[in-house]
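Asker: Please see the structure below; I have some questions.
Each reported figure results from applying straightforward, stated rules to the coordinates on display, with no laboratory input. For clarity, every value in this text was computed on a predicted model and none was experimentally measured. We place every Cβ from the backbone using ideal geometry, glycine too, and count neighbours over all the protein chains shown.
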Ligand code: SAH
């Protein structure tokens, strides 16, 4: 029998290593103390990771070679590899497909707006929520992303574009409130003053409506924006589009949103994907006014991005505009989301899906 560490053991050792980028500054200092090093080294390393966006320990040139070797033994340092980049000819939006260390892939989007650059990140590999119009959920959930993997999407895009990221939206593949602890840790690392220090008010987390976790989020002392994927105005209609509506009825979800506003003072965003002939009638608009006028909120109308696997159609432009003006007349602020990157598989999960299909061929 050949000697040496088998492949499996090596994998296990890799898994046992601590994920250094997911540690808080305090935790990192404690680790350094345990290694017999001065705590300020923790501060230096934290800066390399979260400000200078280092992708390897060897970049950390103000640390001795011996310490860098010790770090390699003890910690795993995640770094994403861009396997595909698609750039929209319409608006410059870029969609990235990133490979994770376990060979899974996730997608992230970079968008340029008047008020700054925005990155939309994934929070899970796949999704188990099953929303009917969404491509991310067609193959179910593979796993949740670690805090470092969520940060890496932003850090890598920042390195690749050479531009500052000012807004972050957690609206890519996955349900962030189904990966709760990792999400909260990610948010604290992202907005912490010793890291990239993105303002909490410039971060939006979008959920399909996991009511108990909306209430938990309200208690975290964060100033982020909560976006609720509403998409329909009655439980009956919502259940047809979103299976999660069977578990958490609209009344429970809306009351959790009201609680979020009460606790944080942050206006809620309702996302409403307009699906032709399904939820875009005048009656739907009136019902939406009935719901939205009770809450301090803003409605984001998203003309549905049709996916090949389902027969949903985008309403005509005039219908979307009529829906919007009806809401406005009813006293509800509403915008129609600019359809960025439609020419580049812009809908959630489409790029990853194309990639997986190609691999299967
Ligand atoms: N799981 C979270 C975040 C991911 S999806 C959530 O449900 O909110 C981000 C937003 O895009 C959600 O509002 C989602 O319902 C919407 N969405 C997904 N696929 C879409 C499509 N094909 N067309 C329009 N909106 C879509």
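Asker: Which one, 127, 208, 297, has the greatest fluctuation when you compute a Gaussian network model over the chain with C-alpha springs under 10 angstrom?
Answerer: 297
Asker: Also, quick follow-up: Based on the Cβ-Cβ distance of residue 219 and residue 199, what FRET efficiency does E = 1/(1 + (r/R0)^6) give at R0 = 25 Å, to the nearest 0.05?
Answerer: For R0 = 25 Å, the calculated efficiency reads 0.75.
Asker: Kirkwood Rh, the chain, all Cα pairs: how many Å?
Answerer: Kirkwood radius, the chain: 21.8 Å.
Asker: Continuing with this model, one more query. Given the Cα-Cα distance of residue 329 and residue 357 and 0.36 nm per residue of separation, how much length would full extension add, in nm?
Answerer: 5.5 nm
Asker: OK, next. To check you understand DSSP bridge types, tell me what percent of the beta bridges within the chain (both residues inside) are antiparallel, rounded to 5.
Answerer: 45 percent
Asker: Additional query: Rounded to the nearest 0.05, what FRET efficiency do residue 286 and residue 132 give with R0 = 25 Å and r taken as the Cβ-Cβ distance? Could you check?
Answerer: 0.60
Asker: Now, a different point. Please work out the C-alpha center-to-center distance from segment 253-332 to segment 23-58 and express it in whole Å.
Answerer: Cα centres, segment 253-332 to segment 23-58: 45 Å.
Asker: If R0 is 51 Å, what FRET efficiency do you get for residue 35 and residue 139 from their C-beta distance, rounded to 0.05?
Answerer: The pair residue 35/residue 139 has a calculated efficiency of 0.80.
Asker: Hey, rough spin-label estimate for residue 262 and residue 336, points 7 angstrom out along Cα→Cβ, what's it come to in nanometres?
Answerer: A separation of 3.7 nm, rounded to one decimal place.
Asker: Starting from the Cα of residue 247, step 7 Å along the direction of its Cβ; do the same at residue 18; then give the gap between the two resulting points in nm.
Answerer: Using points 7 Å along Cα→Cβ, the separation is 3.2 nm.
Asker: Helix 282-292 versus the longest principal axis of the chain: what angle, 0 to 90°, nearest 10, using Cα atoms?
Answerer: Compared with the principal axis, the helix lies near 50 degrees.
Asker: Cα axis of helix 317-329 to longest principal axis of the chain: angle in degrees, 0 to 90, nearest 10?
Answerer: Result, in degrees: 80.
Asker: Right, something else. Cα axis of helix 250-264 to longest principal axis of the chain: angle in degrees, 0 to 90, nearest 10?
Answerer: Roughly 60 degrees, rounded to the nearest 10.
Asker: Separate question: Per the helix-only calculation at 222 nm, which mean residue ellipticity applies to the chain, given -39500 (n - 2.57) for every DSSP H run of n ≥ 4 and division by its residues, nearest 500 deg cm²/dmol?
Answerer: Helices in the chain give a 222 nm mean residue ellipticity of -11500 deg cm²/dmol.
Asker: How would you rank 95, 194, 29, going from fewest to most other Cβ atoms within 10 Å of each one's own Cβ?
Answerer: Ranking 95, 194, 29 by Cβ neighbours within 10 Å, fewest first, gives 194, 29, 95.
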